[in-house]
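Below is one structure; the comments refer to it alone.
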Amino acid sequence: MSEKLKVGIVGGTGMVGQRLVQLLDEHLWFKVTVIAASSSSAGKTYEESVQSRWKLSSPIPEKVKNIVVQDASKVAEVAAQVDFIFCAVDMKKNEIQALEEAYAKTGTPVISNNSAHRWTPDVPMVIPEINPGHIEVIAAQRKRLGTSTGFIAVKPNCSIQSYVPALHALLDYRPTNVVASTYQAISGAGKNFTDWPDMLDNVIPFIGGEEEKSEQEPLRIWGSVVDGEIIKANSPLITTQCIRVPVTDGHLATVFVSFENKPSKEEIMDRWLQFKGRPQELDLPSAPKQFITYFEEENRPQTKLDRDIEHGMGVSVGRLREDSIYDYKFVGLSHNTLRGAAGGAVLIAELLKAEGYIQSK
């Protein structure tokens, strides 16, 4: 392997930024050389900046402790030191859009964990196993931004990872109607129980903006690249409820689905077992060997037991059975800060490097 690519983490002090730091600590292809955040963190070492609010159970990696945090708004300065960036900032949507485009225009690829560009027509929103072909739209985006090497690619919402992969493996049977209820961990809000004591012994039946994302984003992922933009699919019809539950990590979904061509239970199980995507073909460093794991036990998958499957990058499914109103129902589970956030972003970066979109400057 040639020298590792130099990575900047913009928004490196928040929960997703911390996960990125952790995941990239021993990465085979990438090395964190710059961490940037708001001006209030700039000038401090990374350890000084996050020590009182480090949210992960593992300690701050030694290699990044003494990196001096830079000001994320000094785009040219940060961009000059890296081959590409991950962006996980907490700002207003229009501010994030402007910041990410400013980085891209310096010729720097941006892998975004933010929602700001998820509906920008020429920005690919990618689950690497499902719609790797959408990265073709980058050519049109580069033209618009006036850059030959920079671009923005974005990761979808963490809630949909728990059910979209399972449905994607069954697209040949033409799912028509889907009902999904998600039971989402508090880390999805960037919090733990110390920050959010109201969540102890509690369920909150509302997560702002989440249901719209959960219903619409799968259709963009299943859409097509047409004339330099992504046109969303018009089916299946999806309705969701998104509920916050008192667990640290892991989003669980209960799913009901009807098909135009109803498969047998054996056909569904076989599709899930056999499903492989581009990351598995390319043997990318963060790719799960088994993307979808089916549990035969009636009481699995369980959030606490199964969220870390395949280092948190696999998706678990269980309780597949016929339904009296829909054709089938099942339960899905994914790790929201690994597969759903930081790990998903790292896998996108690996795909883009393997396909020639990210290179050393």
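Entry remark, region 246-263: residues being open to solvent by 20 Å² or more (accessible area, probe 1.4 Å) and within 22 Å of the chain's Cα centre (by Cα) number 6 in total. Scan region 267-292 for residues that are open to solvent by less than 50 Å² (accessible area, probe 1.4 Å) and either over 21 Å from ASN131 (Cβ atoms) or aliphatic (A, V, I, L, M) (or both) and jot them down. Matches in region 267-292: ILE268, MET269, LEU284, ALA287, ILE292.
The condition of being more than 21 Å from ILE243 (Cα to Cα), open to solvent by 10 Å² or more (accessible area, probe 1.4 Å), of a type in the set (A, V, I, L, M, F, W, C) and outside any loop (DSSP other than H, G, I, E, B) holds for only one of ALA140, ALA153, that being ALA140. Applying the selection to region 197-215, what residues are assigned to a helix (DSSP H, G or I) and either of a type in the set (Asp, Glu) or in contact (Cβ under 8 Å) with a residue 24 or more places away in the chain (or both)? Correct list: ASP198, MET199, GLU210, GLU211, GLU212, LYS213, SER214, GLU215.
Taking first residues from region 286-303 that are among the charged types (D, E, K, R) and modelled with pLDDT of 95 or more and partners that are open to solvent by 70 Å² or more (accessible area, probe 1.4 Å) and outside any loop (DSSP other than H, G, I, E, B), the Cβ contacts under 7 Å between residues at least 6 apart in sequence or on separate chains come to GLU298/ARG319. Taking the listed residues GLY208, GLY190, GLY133, GLY223, the one that is open to solvent by 10 Å² or more (accessible area, probe 1.4 Å) and at positive phi is GLY190, with no other qualifying. Which ones in region 119-156 are closer than 20 Å to ARG278 by Cα and of a type outside the set (A, V, I, L, M, F, W, C)? Correct list: PRO124, PRO128, GLU129, ASN131, PRO132, GLY133, HIS134, GLU136, LYS155, PRO156.
If the condition is being small (Gly, Ala, Ser) and not in a loop (DSSP other than H, G, I, E, B), then region 283-327 contributes SER316, GLY318.
The values are calculated or read from the model by the stated rules, or taken from the named source; none is laboratory data. These figures come from a predicted structure and were not determined experimentally. Note that we place each Cβ from the backbone using ideal geometry, even for glycine, and neighbour counts take in every protein chain shown. Keep in mind that these areas ignore ligands, DNA and RNA; they rest on the heavy atoms of the full protein, side chains included. Shrake-Rupley method; radii C 1.70, N 1.55, O 1.52, S 1.80 Å.
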